[in-house]
Structures are given as structure tokens and as C-alpha cells.
Amino acid sequence: FLAVASCLAAASAADLRRLYDPVVKKSAGKHRIDPALVHVIIKAESNYDVFAISDKGAMGLMQLMPATARQYGVNNVFDPAQNIEGGVRYLKDLVKLYDGQTKLVLAAYNAGQEAVKRYKGIPPYAETKTYIAGIMKDYKKPTVRTANPTYMVKDASGRTVLVNDPADAVKK
């Protein structure tokens with residue numbers, strides 16, 4: 001394990017992008033999300049560091065918060081395939097929630113859905129504004145599309161969750 005970790009640490013972001021590209025393409029294709037968007041988010045979030053942990057507790061390539069990882073069935077946030085799958089599923093739900101408006105999707109991914117709701121748009125946080133501007137330099141599409149419906153429902157504990165099938169909320 002440590003040998004793999006040291007090899008990953010020595011690899012460039014471009015090498016790691018190539019390494020994880022098949023995983024990104026598979027998950028993005030399954031969920032009908034543009035793989036280019038997934039790649040720019042991974043680059044912005046972790047620069048392809050599978051073991052990245054933010055000061056706020058977000059982890060892995062797509063920097064999933066523990067609650068988000070649990071919600072999307074990610075058992076090991078440091079497993080690239082699980083992290084990307086969970087991050088892409090979350091991204092797909094945000095795309096549906098914000099009608100594909102890239103900047104709102106990115107604001108929610110960075111600052112959280114509650115902040116976007118509270119400010120009725122992009123929160124006035126410097127970090128979020130910088131995050132969006134950085135991604136939009138590389139990803140110039142104002143909208144993102146997905147074909148799967150997303151529903152906002154309450155789960156058994158009363159939390160608001162995003163699901164593709166409202167029956168899923170009952171199972172949680």
C-alpha cells in the first residue's frame with residue numbers, strides 16, 4: 001500500500017488524470033454527466049490526490065464530505081472508483097436541482113446547497129467565487145445536462161435528500 005501511495009504522490013496531475021480517466025468516463029457515462037466537468041472538478045478539488053483531506057473534512061478525489069459520501073453509498077472515500085461514482089451521482093443531482101446552470105451547480109458543490117438556497121444564488125464567499133471562476137476558465141459551458149430525474153424528499157430521519165427514485169428515501 002505504501003509503495004502505491006508513494007508512486008501516486010510522485011505522479012503529475014496529468015499522469016493521474018490519465019490514470020483515472022477510464023473511471024471518470026465510466027461513471028460520467030452511466031450518469032450522463034460531461035466527463036470534462038468531472039475532470040475540472042477533480043482538478044480543482046484535489047488536483048487528483050486520492051488521499052486529499054480538506055480542513056473542513058472533505059475527502060478523496062472529489063472531496064466528498066462524510067455525510068455526502070454516506071448518502072451516495074461511498075464506503076471508502078479513498079477508493080478512486082467509489083469516490084468518483086459518489087461525486088458524479090451527487091453532481092448529477094445538483095445538475096437536476098439547479099436546472100443545469102453550471103455556476104449554481106458549482107456553487108452548491110463548493111459551498112453546499114443550503115448556502116445557495118440561503119443566498120438565492122451564488123453565495124458571497126470569496127472561496128466559492130474563486131472556485132467557480134477557476135473552473136469556468138477550463139469549463140466554458142453555461143449549462144450542464146443530464147437525462148435522469150432527481151427528487152428532493154425527506155428521508156426517514158427527516159433530512160432533505162436528493163434521490164432519483166422517491167422510494168429510495170424510505171430505504172435510508
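The values are calculated or read from the model by the stated rules, or taken from the named source; none is laboratory data. Worth saying up front: this structure is predicted, and the values here are computed from it rather than measured. Counting neighbours? That spans all protein chains shown, and the Cβs are built from the backbone with ideal geometry, glycine included. Remember, those area values only see protein heavy atoms, side chains included, never the ligands or the DNA or RNA. Shrake-Rupley method; radii C 1.70, N 1.55, O 1.52, S 1.80 Å.
What pairs from K43/K92; K117/K137; K30/K129 go past 28 Å between their alpha carbons?
Pairs exceeding 28 Å: K30/K129.
How much net charge surrounds G86 when only other residues with a Cβ under 12 Å from its Cβ are counted (Lys, Arg +1; Asp, Glu -1)?
Here the charged neighbours net out to 0.
Can you list the aspartates and glutamates whose alpha carbon sits under 13 Å from that of K25, skipping same-chain ones fewer than 8 residues off?
By straight Cα distance, K25 reaches D34, E85.
Which whole-Hz ³J(HN,Hα) couplings does the stretch 93-101 yield from phi under the Karplus relation 6.51 cos²θ - 1.76 cosθ + 1.60, θ = phi - 60°, glycine and proline marked x?
So the Karplus estimates, Gly and Pro as x, are 5, 5, 4, 5, 4, 9, 6, x, 6 Hz.
Summing Lys, Arg as +1 and Asp, Glu as -1, what charge do residues with Cβ under 13 Å from the Cβ of R145 carry, R145 excluded?
Charge balance near R145 sits at +2.
Over the chain, with the other protein chains present, what is the accessible area per residue in square angstrom, probe 1.4 angstrom?
Details: 9200 Å² over 172 residues.
Solvent-accessible surface per residue comes out at 53 Å².
Scale the Cα Rg of the stretch 30-110 by the rule-of-thumb value 2.2 N^0.38 Å and send over the ratio, two decimals.
Dividing the Cα radius of gyration by 2.2 N^0.38 Å gives 0.98.
Evaluate the relative contact order of the chain (contact order divided by residue number), counting alpha-carbon pairs under 8 angstrom at least 6 apart; express in whole percent. Before the final figure, lay out each step's value.
Values: 228 pairs, mean separation 29.0, N = 172.
Value for the chain: 17 percent.
Return the carbon/sulfur percentage of the accessible area of the chain, one whole number, probe 1.4 Å, all protein chains in place.
Carbon-and-sulfur percentage of accessible area, whole number: 57.
Please work out which option in (1) 9, 29, 26, 16, 11, 7, 3, 0; (2) 9, 33, 33, 17, 6, 1; (3) 10, 39, 38, 12, 1 gives P(r) over Cα pairs in 10 Å bins from 0, in percent calculated from these coordinates, and answer with its label.
(3)
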